[in-house]
Amino acid sequence: MIEEMEAWFISQSSILDTFYKTDVSKKLAKKPASEFPHPDEELQKITKDSRRGEYHKIRHGALLLAALDADQLMKDFPDFRRLIESF
């Protein structure tokens, strides 16, 4: 897979606001999620002062994955569609 899962989280930024219990999405640059060179670093930066603390791939990743809209991801990320269709 080319994209990191963090790009998926950024693409559905409302889940970030809900999960981190603050408007962290307002701190994101206004560009497509796939254009963030290091989306994991971006998430760490925008969440460092949140109630849940800084984004952590292991502790937060699985919980955020469960909140994603898979149908929307298939529309937005061709690699996600290929991943799902390969099963």
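The values are calculated or read from the model by the stated rules, or taken from the named source; none is laboratory data. Worth saying up front: this structure is predicted, and the values here are computed from it rather than measured. Here the Cβ positions follow ideal geometry from the backbone for every residue, glycine too, while neighbour counts run over all protein chains shown. Surface areas here come from the heavy atoms of the whole protein model, side chains and all, with no ligands, DNA or RNA. Shrake-Rupley method; radii C 1.70, N 1.55, O 1.52, S 1.80 Å.
Hey, could you check region 1-51 for residues that are hydroxyl-bearing (Ser, Thr, Tyr) and farther than 26 Å from residue 83 by Cα and say which is most open to solvent (accessible area, probe 1.4 Å)?
18
Report the residue count in region 4-59 for those that are part of a loop (DSSP other than H, G, I, E, B), under 14 Å from residue 76 (Cβ atoms) and either among the basic types (Lys, Arg) or touching a Gly at 6+ places or on another chain (Cβ under 9 Å) (or both).
Residues in region 4-59 being part of a loop (DSSP other than H, G, I, E, B), under 14 Å from residue 76 (Cβ atoms) and either among the basic types (Lys, Arg) or touching a Gly at 6+ places or on another chain (Cβ under 9 Å) (or both): 1 in total.
Just one of (1) free of Cβ contacts under 8 Å to residues at least 40 places away in the same chain; (2) surrounded by 13 or more Cβ atoms within 10 Å (Cβ to Cβ) trips up residue 67, so point out which.
If we test residue 67 against (1) free of Cβ contacts under 8 Å to residues at least 40 places away in the same chain; (2) surrounded by 13 or more Cβ atoms within 10 Å (Cβ to Cβ), just (1) comes out false.
Of all residues in region 75-86, count the ones that are farther than 13 Å from residue 5 by Cα and either outside any helix (DSSP H, G or I) or hydrophobic (A, V, I, L, M, F, W, C) (or both).
2
Pairs only if they're at least six apart or on different chains, beta carbon under 7 angstrom, first in region 23-50 and among the basic types (Lys, Arg), second open to solvent by 40 Å² or more (accessible area, probe 1.4 Å) and outside any helix (DSSP H, G or I); list them, first residue then second.
48/54
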